[in-house]
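What follows is calculated from the coordinates using simple rules that are stated; it is not laboratory data. Note that the structure is a prediction, hence the values are computed from the model and not measured. Because the Cβ atoms are built from the backbone with ideal geometry, glycine has one as well, and the counts that use them run over all protein chains shown.
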Amino acid sequence: MSAVHVPVAAAGPTAGAGWRGLVADWSSDREAFQVAWGKAMMWIFLLSDTFIFGSFLTGYMTVRSSTTVPWPNPSQVFALHIGGADVPLLLIAIMTFVLISSSGTMAMAVNCAYRRDRVNAAVLMFVTAAFGVTFVSMQAFEWTKLILEGVRPWGNPWGAAQFGSTFFMITGFHGLHVTAGVIYLSVVAVRLLRGKYDGPKATGGREEPSSGRAVPLERGANYQIVEIAGLYWHFVDLVWVFIFALFYLW
Amino acid sequence: MSTGTTQQHPIGLYLKIWALLFVLSTLSYGVDYFHIQGLLRWGLIVLFMLLKAGLIVAVFMHLAWERLALICAILLPPLCLLVLVGLMAAEADYTHLTRLLFFR
């Protein structure tokens with residue numbers, strides 16, 4: 001991998017004064033991450049989101065292990081009554097499979113985008129968004145069920161009061177992420193179909209290092225945005241893996 | 001590609017990982033369904049969780065094929081959370097003990 005770095009001639013310690021100079025000095029026209037800027041920014045956003053969810057789950061661990069009142073058994077709380085028997089965690093398991101399927105279709109969409117298959121990429125993104133809507137609907141059903149059974153952020157009929165607050169906080173914040181992802185994917189898919197990313201000024205940056213060299217335009221279309229949106233979606237699935245294991249199964 | 005950042009991979013790879021994620025999810029659901037208890041339960045839950053997370057990040061998010069600089073920038077900072085978890089576990093133990101002493 002001979003990633004030759006091409007410095008720009010104009011850069012250097014003498015480049016400008018004031019704010020421009022500050023930016024020039026700090027950046028020194030060196031690229032640490034040789035990916036499109038949109039991808040690097042998305043990763044940095046996801047890193048910050050990791051800390052948000054990490055802190056939520058740590059807070060959940062703290063209240064759960066410090067309470068002297070028994071924790072409600074999630075296996076029973078989230079059971080569904082089907083055919084005269086209680087099936088533990090059934091809805092949550094289905095939600096997990098829905099979200100994993102959506103990650104699968106998203107990965108295919110990214111793959112299509114790389115093959116410049118615009119229509120299939122957009123269709124697969126719509127399928128992904130539909131899975132996301134399914135997931136959020138099931139979550140709304142689950143919330144309604146629990147609220148009707150008397151779960152509140154300050155208490156519930158089965159045990160430790162902290163159960164409700166952590167449940168609504170963590171799953172609510174995750175559901176918000178899924179909802180935002182559905183909107184994000186739909187917007188990108190519509191724009192993809194309309195050909196917004198086919199021009200030379202496509203958003204999200206290009207894979208070629210933009211270090212002063214002219215970006216070759218002969219390929220025209222730039223569907224990098226699909227991979228960037230995909231990163232967000234896979235992250236939402238990733239967070240669910242942790243919530244499923246630590247909140248529902250523990 | 002000379003930069004090594006183009007993420008074009010055979011579609012079969014994604015299908016395999018997808019299937020694998022389904023299997024792992026079924027297994028982790030099985031842990032609850034078959035009422036496995038104790039250390040084995042927690043061990044299996046964490047094992048399946050980490051395997052699933054690893055597959056998603058490495059293959060679906062293409063991190064396995066990114067350059068090491070990006071991988072380190074993404075994977076190392078969250079390790080700070082382990083310090084937080086350690087601190088809060090100790091704090092929670094302390095709170096639990098004082099509650100047992102004074103609020104029973």
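Roughly how tilted is helix B:11-33, in degrees to the nearest 10 and between 0 and 90, from the longest Cα axis of chain B?
Around 20 degrees separate the two axes.
Just checking the output field for A:126-138: average partner chain Cβ neighbours within 10 Å of each residue's Cβ? Can you show the working numbers first?
Numbers: counts 0, 0, 0, 0, 0, 0, 0, 0, 0, 0, 0, 0, 0.
That average works out to 0.
Taking the number of other C-beta atoms within 10 Å as the exposure measure, put A:PHE56, A:PHE173, B:PHE34 in order starting with the fewest. All intermediate terms of the calculation are to be shown ahead of the outcome.
Values: A:PHE56 19, A:PHE173 15, B:PHE34 9.
Going from sparsest to densest Cβ surroundings: B:PHE34, A:PHE173, A:PHE56.
Less than 22 Å apart at the alpha-carbon level, and either on another chain or at least 8 residues along: which lysines does that give for A:LYS196?
Within reach: A:LYS39.
Extending each Cα 7 Å along its Cβ direction at A:LEU47 and A:ASN73, get the distance between those two points in nm, one decimal.
Distance between the two pseudo-spin positions: 4.4 nm.
Please compute the average number of Cβ atoms from other chains found within 10 Å of each residue's Cβ in peptide B:55-63.
Values: counts 3, 9, 3, 0, 2, 13, 14, 8, 3.
Taking all residues of B:55-63 together, the mean is 6.
For the range B:41-91 and the range A:139-166, write down the distance between their C-alpha centroids in whole Å.
Measuring centre to centre over Cα atoms gives 29 Å.
Taking square-rooted eigenvalues a ≥ b ≥ c of the alpha carbon gyration tensor, is chain B rounded, prolate or oblate, where a/c under 1.5 means rounded and, failing that, a/b exceeding b/c means prolate?
Oblate, because a/c is 1.5 or more while a/b does not exceed b/c.
By count of other Cβ within 10 Å, fewest leading, how are A:VAL151, A:VAL119 ordered?
Numbers: A:VAL151 21, A:VAL119 10.
Arranged by neighbour count, lowest to highest, A:VAL151, A:VAL119 become A:VAL119, A:VAL151.
Give me the percent relative contact order of the range B:1-76, please, defined on Cα pairs under 8 angstrom at least 6 residues apart.
Details: 31 pairs, mean separation 32.0, N = 76.
Reported relative contact order: 42 percent.
Sorting A:GLU227, B:GLU91, B:GLU66 on the 10 Å Cβ count, fewest up front, what's the list? Can you show the working numbers first?
Values: A:GLU227 25, B:GLU91 13, B:GLU66 21.
The most exposed by this proxy come first: B:GLU91, B:GLU66, A:GLU227.
Apply the Debye scattering formula to the protein assembly as shown, with a single equal point scatterer on each alpha-carbon and no solvent, then give log10 I(q)/I(0) at q = 0.11 Å⁻¹.
-0.83
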